[in-house]
Structure formats: C-alpha cells, structure tokens
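Chemist: Please find one structure pasted underneath; my questions will follow.
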Amino acid sequence: MRIVILGPTGSGKSNLAYEISKKINGEIVSADSRQVYRYLNIGTNKELFSDVKTHLIDLINPNETYNVYNFKKDSLKAIKEIESQGKVAIITGGTNFYIQSLIYNINYKKSKKIIPLEDKSKEELWEILKNKDLTFYNNLNNSDKNNIRRLIRYINIEKLDNKKKPLKIDPKYIVFNIDINKNDIIKNIEYRTHQMIQKGLIEEVISILDMGFKENDPGMKILGYLQVIDFKNGKIKSEEELEQKINQATYKLIKKQITFQNNILDKKTMSKDSILEYIEKSHF
C-alpha cells in the first residue's frame, strides 16, 4: 500500500510525511513541481531529512522544464525502488495534477505531433488547454497559467487513456487529507513567507541569476521567485509589499488545492495526530 498525504500549502505535509516514514520504515516521494529545481531551496521550502530519503527533488536546473509526463514516469520508478527494499512510499506535495496522475492512474505520453504555438498569447493557450482537458487546466496554479512555454508543453502532452477520470482511487493508494483550521493555515503561510525573506530568499534569487540563469527561465517563474524578481526590478517597492504579494499568490494556490482535495472521494480527512495513529494501528 502506498500512502498519499494531501493538505493545502502550510498544513505541514512534509513534516507529517517524515514522521510517518520514521514510524513505518518509509521513504518520501515529492509531488511538488517546484522542488524538482536545483538551487531553489528557500522559496520552495525544501525539507531535506538526513535520515529519510526524499525522491524527486533537485532533478533539473532552473532553465529546464519538467511536466506531469516526467513526474508520472519518475515517481513510479521511485516507488518501485522504495518497495523493492521492503519500504513504504509516502507521496506528498502541493501539485494537484501530479497527485491526480498517480491516484487515478492517469497515463500520459509526449505528443507525436508537436503543435507550433509560439505565436499564441497566454489567453489563447488557456482556451486551447481548456478545450483539451478542462480538469487539467483547472488544477494549474498561477505560475503555470502565466508561463507560455509551460502552457505549450502541457498542450503537447497527451493522455494515453481518453476515458472520463475515474471517481475511485487506485486501490494501491490510501489517501489522507490533513484537517486544519483555515486561520491556522493563514498564520502558517504568513510566518513561513516572513521566514523565507529572513533566511535569504532575495539573496538566493540573486545568486541563481549570478550563475547565469535568466529571469524568464521556467524555474524563476514560480511562486516566490517571480515576486522577488519583481522586487529586484522595482515593480515591488518594499520587503513588506513583497511578503504581501507572495502571501496573496499563495492564498490563490491554496484555494485551488482545497477545491481539488474536496473533489477526491474515498480520502480520509483527519488531524495529523489521527493520521499517525491510524497508520500505526494499520501495521503498514
């Protein structure tokens, strides 16, 4: 059985996954489209545990691309590796369509016919993607929707199965959803954003650009980094405003995550302590 931990950004998914891993001899598979990037550490809130391995982080450079096709292939490879050692895979992260590809067993492939779309506006690309896969489009975050190269890449991915998304979770997975108060999430987000700035998010962005990466590279267009670049270029006037802009973008992401999680049937919604207790009693 494979464990999936859902919850909005700021709910403590990573730390819960770590606690579970320690109790049942597991390893973590990250389902986060931002954590695949090397060098982007503070703004992606990467949790690197010395005694529990985390898969699918630091895979590519900021100027490279990664999509749900890559994730599905890489995650299944990681899960197979984990299970071959007699361990349990704990999958967690905030990228909805990555999680969806696993729990609903949706298969993707690279399109044989690459559609030339470079001359299209992002609004035109939105409509193309909506017509192709509305569910997929609705699960995109603001960073995805405003990144033209990423939108083109998504359009040129095809599902292997064109059937309606199944309502039931693949029986190989058990899905837990963290039950957390909305006010607690807001407090966690505001604290986390403030800590990111204090820990050196602005300096991290500058150091990445100093390596030769560009402001319009895919990795630099993600939440947090996009706002810091606006701050660097004078579009955001103060660190206080920078925090506000990051928080606002995070709240929008959280709304999408909650909508996605609410639509999942057969999940178990409970507190973090109750999830731990359930897993301990289930003898994974």
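Chemist: Residues of the stretch 24-55 being of a type in the set (A, V, I, L, M), under 20 Å from residue 101 (Cα atoms) and out of contact with any helix residue (DSSP H, G or I) (no Cβ under 6 Å at 6 or more places or on another chain), which ones?
Modeler: 36
Chemist: Name every residue in the stretch 9-24 that is touching a strand residue (DSSP E or B) at 6+ places or on another chain (Cβ under 8 Å) and of a type outside the set (A, V, I, L, M), in order of residue number.
Modeler: Answer for the stretch 9-24, where residues must be touching a strand residue (DSSP E or B) at 6+ places or on another chain (Cβ under 8 Å) and of a type outside the set (A, V, I, L, M): 11, 12, 13, 14, 18, 21.
Chemist: I would also like to ask the following. Considering only residues of the stretch 137-146 that are assigned to a helix (DSSP H, G or I) and buried (at least 19 other Cβ atoms within 10 Å of the Cβ), which is modelled with the highest pLDDT?
Modeler: 137
Chemist: Something else now. Hey, could you check the stretch 173-196 for residues that are of a type in the set (S, T, N, Q) and open to solvent by less than 30 Å² (accessible area, probe 1.4 Å) and say which is farthest from residue 41 (Cα to Cα)?
Modeler: Step by step, filter the stretch 173-196, then rank; the result is 177.
Chemist: Being under 21 Å from the mean Cα position of the chain (by Cα) and either among the hydroxyl-bearing types (Ser, Thr, Tyr) or surrounded by 15 or more Cβ atoms within 10 Å (Cβ to Cβ) (or both) narrows it down to one of 265, 226, so name that one.
Modeler: Exactly one residue qualifies, and that residue is 226.
Chemist: Against the definition (open to solvent by 20 Å² or more (accessible area, probe 1.4 Å) and out of contact with any Lys or Arg (no Cβ under 6 Å at 6 or more places or on another chain)), how does residue 96 come out, yes or no?
Modeler: Answer is no for this residue.
Chemist: Quick one: in the stretch 67-94, of everything that is assigned to a loop (DSSP other than H, G, I, E, B) and out of contact with any helix residue (DSSP H, G or I) (no Cβ under 8 Å at 6 or more places or on another chain), which residue is nearest to residue 135 (Cα to Cα)?
Modeler: Only one residue fits best here, namely 87.
Chemist: Across the stretch 71-93, what is the total count of residues that are without any contact (Cβ under 8 Å) to a residue 24 or more places away in the chain and crowded, with 20+ Cβ neighbours inside 10 Å?
Modeler: So the count comes out to 0.
Chemist: Additional query: I'm trying to understand the selection: among the residues of the stretch 270-280, which are open to solvent by 50 Å² or more (accessible area, probe 1.4 Å) and out of contact with any helix residue (DSSP H, G or I) (no Cβ under 8 Å at 6 or more places or on another chain)?
Modeler: Listed by number, the residues that qualify are 273, 277, 278.
Chemist: Considering only residues that are surrounded by fewer than 16 Cβ atoms within 10 Å (Cβ to Cβ) and among the hydrophobic types (A, V, I, L, M, F, W, C), look in the stretch 35-64 and name the one that is modelled with the highest pLDDT.
Modeler: Ranking the qualifying residues of the stretch 35-64, first place goes to 60.
Chemist: I need a count of the residues in the stretch 238-271 that are out of contact with any Gly (no Cβ under 8 Å at 6 or more places or on another chain), more than 17 Å from residue 176 (Cα to Cα) and modelled with pLDDT of 95 or more.
Modeler: Of the residues in the stretch 238-271, 10 are out of contact with any Gly (no Cβ under 8 Å at 6 or more places or on another chain), more than 17 Å from residue 176 (Cα to Cα) and modelled with pLDDT of 95 or more.
Chemist: Of the residues that sit in the stretch 202-223 and are open to solvent by less than 50 Å² (accessible area, probe 1.4 Å) and in a loop (DSSP other than H, G, I, E, B), which one is farthest from residue 141 (Cα to Cα)?
Modeler: This residue is 212.
Chemist: Taking residue 199, is it within 12 Å of residue 43 (Cβ to Cβ), touching a residue at least 24 places away in the same chain (Cβ under 8 Å), out of contact with any Pro (no Cβ under 7 Å at 6 or more places or on another chain) and open to solvent by 10 Å² or more (accessible area, probe 1.4 Å)?
Modeler: So residue 199 passes the test.
Chemist: Please verify whether residue 280 is at pLDDT below 95, over 23 Å from residue 96 (Cα atoms) and part of a helix (DSSP H, G or I), treating the condition exactly as stated.
Modeler: yes
Chemist: When you look at residue 16, is it out of contact with any His (no Cβ under 9 Å at 6 or more places or on another chain), open to solvent by less than 60 Å² (accessible area, probe 1.4 Å) and either assigned to a strand (DSSP E or B) or not small (Gly, Ala, Ser) (or both), yes or no?
Modeler: So residue 16 fits the description; yes.
Chemist: Report, by residue number, each residue of the stretch 117-136 that is part of a helix (DSSP H, G or I) and open to solvent by 20 Å² or more (accessible area, probe 1.4 Å).
Modeler: Result: 122, 123, 124, 126, 127, 128, 130, 131, 132, 134, 135.
The values are calculated or read from the model by the stated rules, or taken from the named source; none is laboratory data. On a predicted model such as this, the values are computed, not experimentally measured, just so you know. Every residue, glycine as well, gets a Cβ built from its backbone with ideal geometry; the counts of neighbours run over all protein chains shown. Only protein heavy atoms, including side chains, enter the accessible area calculation; ligands, DNA and RNA are left aside. Shrake-Rupley method; radii C 1.70, N 1.55, O 1.52, S 1.80 Å.
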